[in-house]
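Inspection log for the structure reproduced underneath, given as structure tokens.
The values are calculated or read from the model by the stated rules, or taken from the named source; none is laboratory data. Quantities reported herein were computed from a predicted structural model and do not represent experimental measurements. Reconstructed Cβ throughout: ideal geometry from the backbone, glycine too, with neighbour counts over all protein chains shown. Calculation scope for accessible area: heavy atoms of the full protein, side chains included, ligands and nucleic acids excluded. Shrake-Rupley method; radii C 1.70, N 1.55, O 1.52, S 1.80 Å.
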Amino acid sequence: MEFPLPLRTALEARLDGIKQSQLAADAQAISARYREQNGSGKRLLTTDKEAAAYAAARMPATFGAVSAALQWALICCDIRPETLLDVGAGTGAACWAADALLNLQKITCLEREGAMRRLGEALMQSGSPALQSARWISRDVTKEALGETADLVVASYLLNELSEEDRLKAALQLWNATKQMLLLVEPGTPAGYAHLREIRALLLKEGAHMAAPCPHQNDCPLPEDDWCHFTCRVARSRLHKQLKGGDAPYEDEKFCYLALTRRQAAPDAVRILRHPHIDPGKITLKLCAKEGLVTREVRKKDGSLFKAARKSNCGDAFSE
């Protein structure tokens, strides 16, 4: 998946003049804070330089994860949202992802950190008319009512930053602000998945309908020591490789997500939960289906089904 060229160009222009060593140090410090203080609700960055380092290090992966999750979700329903509310918008990566997939007419971004808002708004001036006219509002979801609604409400990498009590309250606020679809994206970790599993149960009781990734509205069939997560591959720029301290031309972002709709959706009947295991003449798939977890072996003699299995990836639907 490619990071949008206008966004990459605008971001690199904003970073011009900041020493690479300073960017790398800030990015590493911010990453450490997110790992160590997640769930505390504390402010994890406040300065313009920190916001720039965060954007350089994290925007490509966030863009990729939201893009992948939203693509899968849209396949499962007949809605095409025209208004977007991005809660905890950071520097706007989720907005760029949604704008690339939808004909958005109005975008509203809620973000408590001034440095993030300033950078996000500046970057969006290089985007579509909807991005250029996006409203940026100072709002702390843990302390204030959202005060906004939209067809599509997105919260990416936000809920894991909150305490358990604030997380569930925020989830209800997000759902109440949703007219058509709520999309939640979190790190592909046991903790990130556990948060979404809890929120899934809460919002289904509130009348939400599953769109993706689950093929059903039953209790999650995964055992307590397992978790549902997916992967997207994002191309790296030269700067991004330098900040990450690696030479690989791409980054694999592990994430989990939840897409819920107001109207009945049409979830895929079967979804691939893990990367297909390929042996000579045989492909083994771990699947989530309406009847629960299923392991499916597809052999070369299965013809077109075998070819489809070879091309499949974790997160894709799989049809017999």
Listed here are the pairs Lys254/Lys286; Lys205/Lys307; Lys205/Lys282; which of them are more than 29 Å apart at the Cα? Lys205/Lys307; Lys205/Lys282
Of all accessible surface on the chain at a 1.4 Å probe, what whole percent is carbon and sulfur? 48 percent
As a check on your grasp of the helix formula, calculate [θ] at 222 nm for the chain: sum -39500 (n - 2.57) over DSSP H runs of n ≥ 4, divide by the residue count, round to the nearest 500. -12500 deg cm²/dmol
Cβ neighbours within 10 Å, averaged per peptide: list 292-304, 148-160 in order, most packed at the top. 148-160, 292-304
Would you report the distance distribution of C-alpha pairs in segment 164-217 as whole percents per 10 angstrom bin, up to the bin with the largest distance? 21, 61, 18
Thr189 accessible area, 1.4 Å probe, all protein chains in place, Å² to nearest 10: 60 Å²
Alpha-carbon Debye profile of segment 171-320, log10 I(q)/I(0) at 0.10, 0.16, 0.19, 0.21 Å⁻¹: -0.43, -0.96, -1.15, -1.26
For a quick protection proxy, order the peptides 280-289, 259-268 by their average other-Cβ count within 10 Å, most packed first. 259-268, 280-289
Could you pull out every whole DSSP H run in the chain that spans at least 27 Å of Cα extent along its own axis and averages 0.5 or higher on the Kyte-Doolittle scale? 48-75
Rounded to the nearest 5, what % of the DSSP beta bridges within the chain are antiparallel ones? 65 percent
Overall form of segment 39-148 per C-alpha gyration tensor (a/c, 1.5; a/b vs b/c): prolate
List the relative contact order of the chain as a percent without decimals, with contacts defined as Cα pairs under 8 Å and 6+ residues apart. 17 percent
Using per-residue counts of other Cβ atoms within 10 Å, averaged over each peptide, order 12-22, 212-222 from highest down. 212-222, 12-22
Accessible area of the chain divided out per residue, in Å², using a probe of 1.4 angstrom: 45 Å²
Any aspartates and glutamates with Cα under 20 Å of the Lys301 Cα? List them, leaving off those in the same chain fewer than 8 positions away. Asp279, Glu320
